Amino acid sequence: MSAAVLEVTSELYAEAEFCSTDTGNGNAISKFTFVYPNRRNTDANGTQTGQTNGMDKRNGQSETATAKTPSIKDSEEESYIEEESFESDYEESVCDEEDDFEYESDCCEASEQKETNQPSIKLDKDGDLDVERPRKGAIEIEHRKSTRLDAVGLQIWRGALLLADYIMHNEKKFKNAHILELGSGVGLTSIVASMYAREVICTDIDIEGLLDLIRGNVQRNAHLSNPHCRMHVNELDFKVSYQDYPRELKDKLQHVQYVVAADVIYDDDITEAFVRTIVSLLLELPKLKAIYIALEKRYVFTLEDMDSVAPCYDYFLRYFEKRNSRFGVNRWKLINVCMNFPRYFDYDKVKDLVLLKICHASK
């Protein structure tokens, strides 16, 4: 008698706004609507001065960052705070990369800016209030509604939408950039990145036709992409060492400036392989500025801890720190990105969503 195969389902599908159409081949096609960022209310650096153009926040997301703010004496420098070191073991400082520092959103200061930077009232030629209506778009994605644990990339998870929100909010940072996505799943985040980037390398393992599914989704949404963006879909397995990557893929990776990944931390073995992969990329890619990782902390109650813990998330932090301090010094900084940026996609931005940034400690 064979054992039952455990199926898992994304929490996203239970949300009231989620709707999909069955394709008849076991997959579904879902439409994810979004609001384009309103660039009318921006400062000289392209940073939004308000959050009124994004969709309303939900489920208790606070207006300010939940993590503690680094102590920075220089008031001018303080206005740029968006990201802070995640753990006390890591240096508490803003990761002021050469290009990123200019364009990072001042999201931790957004609630104060609301009072001081309200957009002026505009009237039309008849003297009536000129209400700017947000420009909307939609991404259509083919995906599965449930899978085995080893094939969860065939589904859509909230972390992909969180990462997509961050990319849209920081379009100045990602404009004309070369971006690599690890564990791309069905390709939603890469499609959003292609709206701004010069090149997007969308990667995952080729399980149950996943890479062909990504290619179909890229083609289905080609009208949204920057016409100058080059999109590639390649296989990249976390369990394969960088030295064994195909030469063609290695050549593409030499231009990568940003690496992004969403919801790739759910199994300890895969987590270890993922950390080894990002460490290799940090060492091998000469133009790499930062790695962004979006995930949802999933809590369980354990008798050992007598508390609710997020074991997969905690294991990632411990294993990354172990790899980071192998030679007695922390080579990279793990930074908790402030979550106070607008929500452009229609989903529940729950409090357990996390966005992390990894960059070189020397910066």
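The values are calculated or read from the model by the stated rules, or taken from the named source; none is laboratory data. All values reported here derive from a predicted model rather than from experimental measurement. A quick note on method: Cβ atoms are made from the backbone with ideal geometry, for glycine too, and the neighbour counts reach across all protein chains shown. Surface accessibility is based on the protein's heavy atoms, side chains included, excluding ligands, DNA and RNA. Shrake-Rupley method; radii C 1.70, N 1.55, O 1.52, S 1.80 Å.
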Of the numbered conditions (1) of a type outside the set (A, V, I, L, M); (2) out of contact with any Ser or Thr (no Cβ under 9 Å at 6 or more places or on another chain); (3) under 21 Å from Thr189 (Cα atoms), Asn336 fails exactly one; give the number of that condition.
(2)
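Quick check on my filter: what residues within the range 160-182 are of a type in the set (Gly, Ala, Ser) and surrounded by 24 or more Cβ atoms within 10 Å (Cβ to Cβ)? Break it down stepwise before answering.
First, the residues of the range 160-182 that are of a type in the set (Gly, Ala, Ser): 160, 164, 177.
Answer for the range 160-182, where residues must be of a type in the set (Gly, Ala, Ser) and surrounded by 24 or more Cβ atoms within 10 Å (Cβ to Cβ): Ala160, Ala164.
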Leu149 open to solvent by 40 Å² or more (accessible area, probe 1.4 Å), closer than 24 Å to Arg276 by Cα and not acidic (Asp, Glu):
yes
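Phe316: over 30 Å from Cys19 (Cβ atoms), in contact (Cβ under 8 Å) with a residue 60 or more places away in the chain, open to solvent by less than 10 Å² (accessible area, probe 1.4 Å) and assigned to a helix (DSSP H, G or I), yes or no?
Values: over 30 Å from Cys19 (Cβ atoms): yes; in contact (Cβ under 8 Å) with a residue 60 or more places away in the chain: no; open to solvent by less than 10 Å² (accessible area, probe 1.4 Å): yes; assigned to a helix (DSSP H, G or I): yes.
No.
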Which of the following residues is among the small types (Gly, Ala, Ser), farther than 24 Å from Cys312 by Cβ and in a helix (DSSP H, G or I): Gly216, Gly159?
Gly216
Can you pull out the residues in the range 12-30 that are at pLDDT 85 or above, exposed (fewer than 13 other Cβ atoms within 10 Å of the Cβ) and either among the aliphatic types (A, V, I, L, M) or not in a loop (DSSP other than H, G, I, E, B) (or both)?
Ala14, Thr21, Asp22
Residue in the range 115-155 that is farthest from Cys19 (Cα to Cα), counting only those that are β-branched (Val, Ile, Thr) and at pLDDT below 95:
Thr116
Right, Lys287: open to solvent by 30 Å² or more (accessible area, probe 1.4 Å), assigned to a loop (DSSP other than H, G, I, E, B) and touching a residue at least 60 places away in the same chain (Cβ under 8 Å) or not?
yes
Taking the condition of being over 18 Å from Leu334 (Cβ atoms), modelled with pLDDT of 95 or more and of a type in the set (D, E, K, R), how many residues in the range 281-308 meet it?
2
Would you point out which residue out of Ile278, Ile265 is crowded, with 18+ Cβ neighbours inside 10 Å, β-branched (Val, Ile, Thr) and at pLDDT below 95?
Ile265
Looking at Ile201, Ile207 in this structure, which one is of a type outside the set (D, E, K, R), touching a residue at least 40 places away in the same chain (Cβ under 8 Å), surrounded by fewer than 21 Cβ atoms within 10 Å (Cβ to Cβ) and outside any helix (DSSP H, G or I)?
Ile207
Can you name every residue in the range 223-255 that is in contact with a helix residue (DSSP H, G or I) (Cβ under 9 Å, 6 or more places away or on another chain), open to solvent by less than 50 Å² (accessible area, probe 1.4 Å) and assigned to a helix (DSSP H, G or I)?
Leu224, Tyr242, Lys250, Leu253
Mind counting the residues in the range 325-346 that are more than 18 Å from Tyr258 (Cβ to Cβ) and out of contact with any Lys or Arg (no Cβ under 6 Å at 6 or more places or on another chain)?
13
List pairs: first residue in the range 260-280 and among the charged types (D, E, K, R), second residue in a strand (DSSP E or B) and crowded, with 21+ Cβ neighbours inside 10 Å anywhere in the structure, Cβ distance under 9 angstrom, at least six positions apart or on different chains.
Asp263/Ala294; Asp263/Leu295; Asp263/Glu296
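Look at Gln219 and say whether it is without any contact (Cβ under 8 Å) to a residue 60 or more places away in the chain and either more than 18 Å from Leu288 (Cβ to Cβ) or open to solvent by less than 30 Å² (accessible area, probe 1.4 Å) (or both). Give the steps one after another, and end with the answer.
Working: without any contact (Cβ under 8 Å) to a residue 60 or more places away in the chain: yes; either more than 18 Å from Leu288 (Cβ to Cβ) or open to solvent by less than 30 Å² (accessible area, probe 1.4 Å) (or both): yes.
So Gln219 fits the description; yes.
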